[in-house]
Amino acid sequence: MLFIHFDSALYYHSLTLLLVTLLAYLQSIGAILTKIAPLVCLENESIIMKTKKLYLLRHAKSSWKDFSISDFDRPLNKRGKRDAPLMAEQMARKGIHPDVIFSSPAKRAKSTAQHFSEKLQTNIIYNSAIYEASTSTLKEIIKEAFKHHDEIMLVGHNPALTLLSNSLSSHQIDNIPTAGIVGFELNIESIETAKTTMLFFEYPKKYL
């Protein structure tokens, strides 16, 4: 008969060493995961949270009929009253729904914004800095807005609006016409370093 000697002390010692080694291995894996997990989360957050949409809308055509009226108070003319609701309808058909509309308080911009607000069911915030703003001022307004919103519309004036559009995209536009609108997607919050994609450039003559 064959007898096999079983050394229990040696067995438990070997098992203990194996378990200690396995535990150390698992701890090292855990330490690595702890270090890379925040990086993965930040990368995903950058992709998900920092994609923004911006719509630059020039006010509809205004009236020059009465020269006694100040530039700020010029209303929409007949063409402007036709084009503003027309373009608001086109944006609704595209499924455009900004979180908020930021508008110059000038009468022609205000009236244009109201058509879009009603059609897109979006609130308006009037900002006096948009009237006669430089491109840098508009960028600051947008930068601040993007801290709280992911999709905004800005209703303003030329030449700043066209200059801003051209500073954001390699697709250069000679002139954003009245009631014209340019849509952008920006992949990060900072507008100064944003990589942008022009989504569309729409204006009334396309639909008349």
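Can you confirm whether segment 168-184 contains a residue that is polar (S, T, N, Q), farther than 22 Å from Lys50 by Cα, in the same structural domain as Ala60 (by TED's automatic domain parsing) and within 18 Å of the chain's Cα centre (by Cα)?
no
Would you point out the residue of segment 45-77, among those that are among the hydrophobic types (A, V, I, L, M, F, W, C) and modelled with pLDDT of 90 or more, that is surrounded by the fewest Cβ atoms within 10 Å (Cβ to Cβ)?
If we take residues in segment 45-77 being among the hydrophobic types (A, V, I, L, M, F, W, C) and modelled with pLDDT of 90 or more, then Trp64 is surrounded by the fewest Cβ atoms within 10 Å (Cβ to Cβ).
The values are calculated or read from the model by the stated rules, or taken from the named source; none is laboratory data. This one's a predicted model, so the numbers in the text were calculated from it and none came from an experiment. With ideal geometry, Cβ positions are generated from the backbone for all residues, glycine too; neighbour counts draw on all protein chains shown.
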